[in-house]
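Engineer: Before anything else, here's the structure in question.
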Amino acid sequence: MEYRNKLFLAPMVRVGTLPFRLLAAEYGADITYGEEIIDHKFLKCERKVNEYIGSTDFVEKGTENVVFRTCSQERNQVVFQIGTSDAVRALTAAQMVCKDVSAIDINMGCPKSFSISGGMGAALLTKPELINDILRTLRRNLDCPVTCKIRLLKSPQDTVELARRIEKTGVSALAVHGRKVADRPRDPAKWNEIADVVSALSIPVIANGDIFDYCDLERIKAATGASSVMVARGALWNASVFSPEGKVHWTDIKREYVRKSILWDNDMKSTKQTLKEMIMHYSCLELAEGKGVIKSESLADIAKLYGEERYYEFVNENRLSLNRGREDYEWSQ
């Protein structure tokens, strides 16, 4: 797992599921993060090989709820991100999945109340001893790379000090979101403070924040000195942001996403959430498309809305004969 000179898809709740990760990878993302999975929830799961669609699923015991789904296609590029406040729980969760992913990442930047109230996410930023315990425990007991993602602290000096402590735990890389916990998405990312971290560390630093076009990738590299970049909202709105050939039209991106969601039998809540986010950036949920997504109750409804009924029927009629998730097969349009 090489962390220098790479493009990363950031972890995004209800968005970073298998179809979207594969979509981002097709357009140039080298490494893709799954959405944050809370350790408590993951420990209630069991691993199942889904022969029907060719995936590996971690399913909540006693239910059909797929908490994390992956496949062999992304084995060498997918990162499993854990939300945790305890080293033992984090290790137990990581050991369950580490052979199916490329790396384990600890979320230390989520500012949402559900995360902070549980002592996870950005709450860890004020607990350097706990950070040290979690990361060192994972590093000692796992064969795969371990990383973490943080936000900026109150002062640049505080951020650099924490980053140096993190580096000493032996992590392979550190992702830095250029905003503080109290900052909102509309507040500009502080690339200059990411640069302070880059200059202070010897491990790769992954710069994150305010990347919406391919040209922004080079701009943030120049501004921060980081060789690797992580994209969140820019990728959500148009996954082809990673492509040096320029963006594909957003309507085509949505249809590609819909097809991948059908192919991988994606969770309906995730599919709707991702489509709504795409629509809201370019249009309005009050128009026909947005209303159609909101009213949809199944992938069949989504397929009909986007004119992919025949694709939906083809996939469901030929599941067992498909080459386990690959889309380079012929089908009549």
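Engineer: Calculate, for Asn192 and Arg164, the FRET efficiency according to 1/(1 + (r/R0)^6) with r their C-beta to C-beta distance and R0 22 Å; round to the nearest 0.05.
Structural biologist: Given R0 = 22 Å and the Cβ-Cβ separation, E is 0.75.
Engineer: Sort out the exposed loop GluC sites (Glu not before Pro) in the chain (DSSP loop, at most 12 other Cβ within 10 Å) and tell me the longest stretch that has none.
Structural biologist: Counting only loop sites that pass the neighbour cut-off, the longest clear stretch is 65-244.
Engineer: Taking the solvent-accessible surface of protein heavy atoms with a 1.4 Å probe, what is the per residue accessible area of segment 127-252 in Å²?
Structural biologist: 43 Å²
Engineer: Once you have the Cα-Cα distance between Lys41 and Ala288, take 0.36 nm times their residue separation minus that, and quote the gain in nm to one decimal.
Structural biologist: Here the segment from Lys41 to Ala288 would lengthen by 85.3 nm.
Engineer: Under 8 Å for C-alpha pairs, at least 6 residues apart: give me the relative contact order for the chain, rounded to a whole percent.
Structural biologist: 16 percent
Engineer: Follow-up question, since we're still on this one. Roughly how far apart, in whole Å, are the Cα centres of segment 219-236 and segment 94-168?
Structural biologist: Result: 20 Å between the Cα centres.
Engineer: Also, I was wondering about something else. Just to check I understand the Karplus step: with θ = phi - 60° and J = 6.51 cos²θ - 1.76 cosθ + 1.60, what whole-Hz values come out for segment 59-64, glycine and proline as x?
Structural biologist: 10, 4, 4, x, 9, 10
Engineer: Taking the Cα centre of the chain as origin, work out the dipole magnitude from +1 charges on Lys and Arg Cβ and -1 charges on Asp and Glu Cβ, in debye rounded to 20.
Structural biologist: Here the chain has a charge dipole of around 840 debye.
Engineer: Apply the Karplus parameterisation 6.51 cos²θ - 1.76 cosθ + 1.60, with θ equal to phi minus 60°, to every residue of segment 164-172 and state each ³J(HN,Hα) to the nearest whole Hz, in sequence, with x for glycine and proline.
Structural biologist: Once rounded to whole Hz, the list reads 5, 5, 5, 4, 5, 6, x, 5, 7.
Engineer: Output the pairs from Lys48/Lys247; Lys221/Lys291; Lys41/Lys180; Lys61/Lys168; Lys260/Lys295; Lys247/Lys295 with a Cα-Cα distance over 31 Å in this structure; if there are none, say none.
Structural biologist: Exceeds cut-off: Lys48/Lys247; Lys221/Lys291; Lys61/Lys168.
Engineer: Related question: Kindly write out, for segment 220-235 in residue order, the coupling ³J(HN,Hα) from the Karplus curve 6.51 cos²θ - 1.76 cosθ + 1.60 (θ = phi - 60°), rounded to whole Hz, with x marking Gly and Pro.
Structural biologist: 6, 4, 5, 6, 9, x, 6, 8, 10, 9, 10, 10, 10, 4, x, 6
Engineer: As I understand it, the value is the acute angle between the Cα axis of helix 128-141 and the longest principal axis of the Cα atoms of the chain; what does it come to in degrees, rounded to 10?
Structural biologist: For 128-141 against the chain, the angle is about 60 degrees.
Engineer: OK, next. For segment 44-130, state which chymotrypsin sites (Phe, Trp or Tyr not before Pro) are in a DSSP loop and have at most 15 other beta carbons lying within 10 Å of their beta carbon.
Structural biologist: Tyr52
Engineer: For segment 96-221, with all protein chains present and a 1.4 Å probe, just round the carbon and sulfur fraction of the accessible area to a whole percent.
Structural biologist: Ligands and nucleic acids excluded, carbon and sulfur give 50 percent.
Engineer: How much of the accessible area of segment 37-85, probe 1.4 Å, is carbon plus sulfur, in whole percent?
Structural biologist: 44 percent
Engineer: Taking H placed 1.01 Å from N in the peptide plane, check which residues at least 5 places from Ile106 or on another chain put their amide H under 5 Å from its amide H.
Structural biologist: Counting only residues 5 or more places away or on other chains, the set is Ile82, Thr147, Cys148, Lys149.
The values are calculated or read from the model by the stated rules, or taken from the named source; none is laboratory data. Owing to the predicted nature of the structure, the values given are computational and were not obtained by experimental measurement. Methodologically, a virtual Cβ is constructed for each residue, glycine included, from the backbone with ideal geometry; neighbour enumeration extends over all protein chains shown. For the accessible areas, the whole protein counts, side chains as well, though only heavy atoms, and no ligand, DNA or RNA atoms are used. Shrake-Rupley method; radii C 1.70, N 1.55, O 1.52, S 1.80 Å.
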